[in-house]
1. Identify the single condition in (1) of a type outside the set (Ser, Thr, Tyr); (2) buried (at least 18 other Cβ atoms within 10 Å of the Cβ); (3) part of a loop (DSSP other than H, G, I, E, B) that residue 68 does not satisfy, given that it satisfies every other one.
2. Kindly indicate the residue of region 1-35 that is surrounded by 12 or more Cβ atoms within 10 Å (Cβ to Cβ), in a loop (DSSP other than H, G, I, E, B) and not charged (D, E, K, R) and also nearest to the chain's Cα centre (by Cα) among those meeting that condition.
3. Check 46, 51 and return the single one that is without any contact (Cβ under 8 Å) to a residue 60 or more places away in the chain, in a loop (DSSP other than H, G, I, E, B), over 14 Å from the mean Cα position of the chain (by Cα) and surrounded by 14 or more Cβ atoms within 10 Å (Cβ to Cβ).
4. Which number in (1) outside any loop (DSSP other than H, G, I, E, B); (2) touching a residue at least 12 places away in the same chain (Cβ under 8 Å); (3) not assigned by TED's automatic domain parsing to the domain that holds residue 31 marks the one condition that residue 143 misses?
5. Which residues, taken from region 75-105, are over 14 Å from residue 143 (Cβ atoms) and either surrounded by fewer than 17 Cβ atoms within 10 Å (Cβ to Cβ) or polar (S, T, N, Q) (or both)?
Amino acid sequence: MVEIDLKRVDEIIDRYKGEAGFLIQLLLDLQSEFNWIPREAIARISERTRSPKSHIYRIASFYTAMNLNPVGRHIVQVCLGTACQVRGAPKIMDRIEENLKIKQGATTPDMRFSLRRVNCLGCCAMGPVVVVDGNYHGKVTPATVEDILDQYE
């Protein structure tokens, strides 16, 4: 179980006192601080803002940028959209899964990497594309996967 600093959660909540429509930004700030949105943080938001937990969970689960489970320090996204697919993206995903010893949607036991499949990254001419922490790697081949991953601590 990952412990979180509720004092830090309170500091983030306090930034939004008296503001309307702050919940999405508050959740994004928590995501930025902890790399995910812990259950304890949602309970604290609910308690302090008098918002139902179900409402907070509904918002946090709607946005793919928000994680309700711990994620790795590095987020690896493999595009499996049509253009990347026909250029060999499934082989790229297979090689990354082999290298990290996890399946898509999972996180390595050391919390170093989380692996995600995405349907399109909007850069089809560069396909197949892998994005790690917002850094785009285009025309990836199975042979270059390890070099890409090695760049991230």
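1. Of the numbered conditions (1) of a type outside the set (Ser, Thr, Tyr); (2) buried (at least 18 other Cβ atoms within 10 Å of the Cβ); (3) part of a loop (DSSP other than H, G, I, E, B), the odd one out for residue 68 is (2).
2. 35
3. None of the others qualify; the one that does is 51.
4. Among (1) outside any loop (DSSP other than H, G, I, E, B); (2) touching a residue at least 12 places away in the same chain (Cβ under 8 Å); (3) not assigned by TED's automatic domain parsing to the domain that holds residue 31, the lone unmet condition for residue 143 is (2).
5. 77, 82, 85, 86, 90, 97, 101, 103, 104, 105
The values are calculated or read from the model by the stated rules, or taken from the named source; none is laboratory data. None of the values given here were measured: they were computed from a predicted structure. When we count neighbours, we look across all protein chains shown, and the Cβ atoms used for this are built from the backbone with ideal geometry, even at glycine.
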